[in-house]
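**Student:** One structure, pasted below without further comment.
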Amino acid sequence: MDIFRKLTWFFKEQKAMYIRGLLALMMTAFLNMIPPFLIGYTVNQIVAHSLTPLKLALILLGVGAEAVTLYAFRYIWAVHIWGGATYLERKLRQRLYMHFMHMDTKFYQKYRTGDLMTRATNDLIQIRQVAGMGILTLVDSLTTGMVTIITMAFVVDWRLTLVAILPFPLLAIMSIKLGHRMHNAFGDQQRAFSKLSDKVQESLSGMKAIKTLGQEAQDIEDFNAHNGALMKAYKKVEFVSALYDPLTTMIIVLAYVVTIVYGGWMVLHHQINIGQLVSFISYLSMLIWPMFAIGQLFNIIERGNASYDRVMDILSNESHIKDAAQPVTIPAQGDVHFAIKQFQYPDDPEIALQDIDVTVAAGHTLGIVGQVGAGKTSLLKLLLRQYDNYDGVITLNGADIRQFPQDTYLRAIGYVPQEGFLFSTSIKENIRFTCPDASDEQVQAAAQKAAFHDDIMKMPAGYETEVGEHGISLSGGQRQRLTIARALLIDPEILILDDSLSAVDARTEAAILDVLKRERANKTTIIAAHRMSSVMNAENIIVFDNGQIKERGTHSELLANHGWYAMIYQQQQHGMSETTEGGEA
């Protein structure tokens, strides 16, 4: 019953709704006591040959009135109890979603997408069952059981009642024994379901790669292994769950045997009449539901308890990126200064960045180049506040970026990664994702700046063209230009291009860079790239090597140094060939 204690906060919050529902549920239990009494009364009238048409009409009228009243009370408890349970599910789902929105990169490295989806769907359904069917079963079984037993004792005979319920304690013992096993088994089942969800999600996302590399058979084998593990977990849960009903049935049969033997003896010795025995058996049949309900209740609460623990485990995680207690109120604009002594990723002994000292003046462009893994993206992640655990400081307008409110700071940045995420909607809606109220003219202007407008107009549906899941219907270059247009739509104070021109041809790259230079004369731009042509016009270029700045200067200065930059530039110049837009990746 620990789950009800854990949900006390919700029941207190919705106490008015649940009080109304539970009162209606209790009235339903009381009204259910009337038919067996009327049945016993009718039997006695028949045995005594005293049943008149008037008495029969009154009995039928009473049954009809009871049925109508019962319907009304059942409607009331259904609306309030099921409504409360649905509200709980919605509330927890909202909490989870808001939690996902505020969590940092480390959180998403720890939990996989399929696992998070399972907790936000299947686990919440099990918790809703506790607040709905669990509350209904608990209160209804206790009320019906207690009212029925009291009625049996007072209306028929207390001695027969006492003998008939002697087997019932066995049910409580059984439920406690099986409850712990159900909790563990269901927890294993949900973990297996999470792993399968992860597997399916990754396979569907990477289906093109799986087919291209001819790994269908191996992927199916891996899927079957995960699916088999889930089936094994399901069987364990169902095995434990299936033990409830047979044991409950045995207890019920034992109660009937005791009732018939001892009740028959009491009738023969004129301690009760035949009508009372019929009523008692009817009342006893009404105890079948509460007894089965106890087994069902323990099943529900153990599933819900395991799911609630899993959801609370997610909600207990705290983001390492937090707003300052006393945030600055100055505008998020101006010079950007990096002064980083050292940075390491969490749980990674390797130093990612060391001795970084560079300034980007407002309105200027900084180019960042270097080999793969040299530290370019790591520096940008710090600027984007994906990690705050570094020794040093990054300032904007003279203030530590960690002192800005996240909403204010991040809205001043337009970030375009190499593989930008596209939503399964139209090109227009994808571009104005950063500004939902943007007009069609503003969307088209952003697309023109990203050298994407002409391509869009060649498509049959134009800006209404559906891009497909993750933009699968677009080429690599088109996807990159769409995400650039998305960033340019908000005209950010700081624009970050993280190798986001790698899939476009040289002519398109030159056109985009020319627009950026012209349109962003008063705004800061940071370009990380592998192609030197992307950064050659920047006022300042830094060359990363093993997390440190090895060269810095303008394009001409770096060429004159005859270092790594100059070497790579010459190689790229010799290997460059003109490509058309149709040759984009």
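**Student:** Tilt of helix 274-286 relative to the longest C-alpha principal axis of the chain, in degrees (0 to 90, nearest 10)?
**Tutor:** The angle comes out near 10 degrees.
**Student:** Translational D (Stokes-Einstein, µm²/s) of region 246-334 at 25 °C and 0.890 mPa s when Rh comes from the Kirkwood sum over C-alpha pairs?
**Tutor:** Stokes-Einstein gives a translational diffusion coefficient of 131 µm²/s.
**Student:** How far, in nm, would the chain grow between K15 and M98 when pulled straight, counting 0.36 nm per residue and subtracting the alpha carbon separation?
**Tutor:** Gain on extension, K15 to M98, equals 27.4 nm.
**Student:** Another question, if that's okay. Along the charge dipole of region 2-315, Cβ charges K/R +1 and D/E -1, which of L204, L96, L54 sits furthest on the positive end?
**Tutor:** Of the candidates, L96 comes out farthest on the positive side.
**Student:** From Cα pairs below 8 angstrom and at least 6 apart in sequence, can you work out the relative contact order of region 2-315, rounded to a whole percent?
**Tutor:** This gives 32 percent for region 2-315.
**Student:** About the Cα centre of region 2-315, what is the dipole size in debye to 20, counting +1 per Lys and Arg Cβ and -1 per Asp and Glu Cβ, all else neutral?
**Tutor:** Value, rounded to 20: 600 debye.
**Student:** Lysines near K91 by alpha-carbon distance under 22 Å, same-chain residues fewer than 8 away left out - which ones?
**Tutor:** Filter leaves K6, K12, K15.
**Student:** Quick one: Debye curve from the C-alpha atoms of region 420-491, no solvent, what's log10 I(q)/I(0) at q = 0.18, 0.20, 0.21 Å⁻¹?
**Tutor:** At q = 0.18, 0.20, 0.21 Å⁻¹ the computed log10 ratios are -0.55, -0.69, -0.77.
**Student:** What fraction of the DSSP beta bridges in the chain is antiparallel, stated in percent and rounded to the nearest 5?
**Tutor:** 55
**Student:** Using only the alpha-carbon atoms, how far is helix 135-151 inclined from the longest principal axis of the chain? Give it as 0 to 90 degrees, nearest 10.
**Tutor:** The angle comes out near 10 degrees.
**Student:** May I pose another question? In debye, nearest 20, what is the charge dipole magnitude of region 420-491 about its Cα centre with +1 on Lys and Arg Cβ and -1 on Asp and Glu Cβ, if you could check?
**Tutor:** Here the size comes out at about 240 debye.
**Student:** Let me know the charge dipole size of the chain about its Cα centre in debye, to the nearest 20, where only the beta-carbon of Lys, Arg (+1) and Asp, Glu (-1) is charged.
**Tutor:** The calculation lands at about 2420 debye.
**Student:** Under 15 Å from the Cβ of A352, count the other residues' Cβ atoms, weight Lys and Arg +1, Asp and Glu -1, and hand me the total.
**Tutor:** With Lys, Arg at +1 and Asp, Glu at -1, the net is -3.
**Student:** Tell me the volume per residue, in Å³, of the convex hull enclosing the alpha carbons of the chain.
**Tutor:** Normalising the Cα hull of the chain by residue number yields 217 Å³.
**Student:** Can you give the net charge of the other residues whose Cβ lies under 9 Å from the Cβ of I340, counting K and R as +1 and D and E as -1?
**Tutor:** -2
**Student:** What is the set of long-range amide H partners of A352 at a cut-off below 5 Å, with H atoms built 1.01 Å from backbone N?
**Tutor:** F343, Q344, Y345
**Student:** Take the cross-link list K177/K236; K341/K550; K449/K517 and give me the ones stretching past 20 Å between alpha-carbons.
**Tutor:** The pairs that break the limit, which is 20 Å between Cα atoms, do not exist here.
**Student:** Work from the charge dipole of region 2-315 (Cβ charges, +1 for Lys and Arg, -1 for Asp and Glu, about the Cα centre) and give the residue of I165, H80, L284 farthest towards its positive end.
**Tutor:** Selected residue: H80.
**Student:** Return the FRET efficiency for the residue pair D309, E466: r is the Cβ-Cβ distance, R0 is 35 Å, and the value is rounded to the nearest 0.05.
**Tutor:** 0.30
**Student:** Right, next: Of all the C-alpha pairs in region 334-459, what % are more than 25 Å from each other?
**Tutor:** Cα-Cα pairs in region 334-459 separated by more than 25 Å: 40 percent.
**Student:** Kindly provide the Kirkwood hydrodynamic radius of region 66-197 in Å, to one decimal, from all pairs of distinct alpha carbon atoms.
**Tutor:** Hydrodynamic radius (Kirkwood, Cα only) of region 66-197 equals 18.7 Å.
**Student:** Have a look at G263, I340, L230 and report the one farthest towards the positive end of the charge dipole of region 200-354, computed about the Cα centre with Cβ charges (Lys/Arg +1, Asp/Glu -1).
**Tutor:** Value computed over the given set: G263.
**Student:** Which far-off residues, 5 or more places away or on another chain, put their amide H under 5 Å from the one on L366, with H placed in the peptide plane?
**Tutor:** Close amide H contacts, sequence-distant or interchain: T525, I526, I527.
**Student:** Would you calculate a helix-derived [θ] at 222 nm for the chain, using -39,500 (n - 2.57) for each DSSP H run of n ≥ 4 and dividing by the full residue count, to the nearest 500?
**Tutor:** It comes out at -19000 deg cm²/dmol, rounded to the nearest 500.
**Student:** Another question, if that's okay. Going by amide H atoms built from the backbone, whose H comes under 5 Å of the H on E551, apart from near neighbours?
**Tutor:** Residues meeting the amide H criterion: V543.
**Student:** At q = 0.28 Å⁻¹, what log₁₀ I(q)/I(0) does region 500-567 have when each alpha carbon counts as one equal point scatterer in the Debye sum?
**Tutor:** Treating every Cα as an identical point scatterer, log10 I(q)/I(0) equals -1.30.
**Student:** Rounding to the nearest 10 and keeping the result within 0 to 90°, find how far the Cα-based axis of helix 169-205 lies from the longest principal axis of the chain.
**Tutor:** Helix 169-205 sits roughly 30 degrees off the main axis of the chain.
Every number here is computed from the coordinates shown, using simple stated rules; none is lab data. All values derive from a computational prediction rather than experimental measurement. As a convention, Cβ positions derive from the backbone with ideal geometry for all residues, glycine included, and neighbour counts pool all protein chains shown.
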